[in-house]
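Visitor: First the structure, then my questions, so here it is.
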Amino acid sequence: MGEIFRLRADGIDLFVRLTPKAASDALDGVEATADGRCHLKARVRAVPEKGAANVALEKLVAKALAVPASSVVVASGGTARLKTLRVTGDPGELARRASRFSVA
């Protein structure tokens, strides 16, 4: 199975598949797409209007990685289900924390 993140000099890029309008906010492990790419599965209660679901996702991931909410931003895929989140901080520590998601 591939990685759900890519190391950067100032943090990591985290690949996520978001399901909005869910019953609860949660991270649900890792899934692979047909082309072999892996994504962290996430669901949020927020609706996908005016960026509400993206903001909820940023907060959920920040809490799970134990970083400030301001350290997590949607870098690409703002209106798509598949997103790339840019997380700033120590790349090694963030990679270690993100690796826990795939051990479920």
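The values are calculated or read from the model by the stated rules, or taken from the named source; none is laboratory data. Bear in mind that the values here come from a model prediction, so they are computed numbers and not experimental data. Here the Cβ positions follow ideal geometry from the backbone for every residue, glycine too, while neighbour counts run over all protein chains shown. Just the protein is used for accessible areas: all its heavy atoms, side chains included, with ligands, DNA and RNA removed. Shrake-Rupley method; radii C 1.70, N 1.55, O 1.52, S 1.80 Å.
Visitor: Determine whether region 70-78 contains at least one residue that is outside any strand (DSSP E or B), within 13 Å of the chain's Cα centre (by Cα) and not small (G, A, S).
Guide: No, region 70-78 contains no residue that is outside any strand (DSSP E or B), within 13 Å of the chain's Cα centre (by Cα) and not small (G, A, S).
Every residue, every condition in (1) assigned to a loop (DSSP other than H, G, I, E, B); (2) free of Cβ contacts under 8 Å to residues at least 40 places away in the same chain; (3) touching an Asp or Glu at 6+ places or on another chain (Cβ under 9 Å); (4) surrounded by 18 or more Cβ atoms within 10 Å (Cβ to Cβ), yes or no:
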{"position": "A53", "(1), (2), (3), (4)": "no, yes, no, yes"}
{"position": "K59", "(1), (2), (3), (4)": "no, yes, yes, no"}
{"position": "L85", "(1), (2), (3), (4)": "no, no, yes, yes"}
{"position": "E93", "(1), (2), (3), (4)": "no, yes, no, no"}
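Visitor: Turning to a different aspect of this structure: Can you tell me which residue among K50, K41 is within 17 Å of G77 (Cβ to Cβ) and modelled with pLDDT under 95?
Guide: On inspection, the qualifying residue turns out to be K50.
Visitor: Select from region 27-51 the residues that are loosely packed, with under 13 Cβ neighbours inside 10 Å and hydrophobic (A, V, I, L, M, F, W, C) and write down the one among them that is farthest from K63 (Cα to Cα).
Guide: A34
Visitor: Among the hydroxyl-bearing types (S, T, Y) and open to solvent by 60 Å² or more (accessible area, probe 1.4 Å): does that describe S24?
Guide: Taking the combined requirement at face value, the residue does not satisfy it.
Visitor: For region 3-18, which residues satisfy the criterion of being outside any strand (DSSP E or B), under 13 Å from G29 (Cα atoms) and not acidic (D, E)?
Guide: Matches in region 3-18: I4 only.
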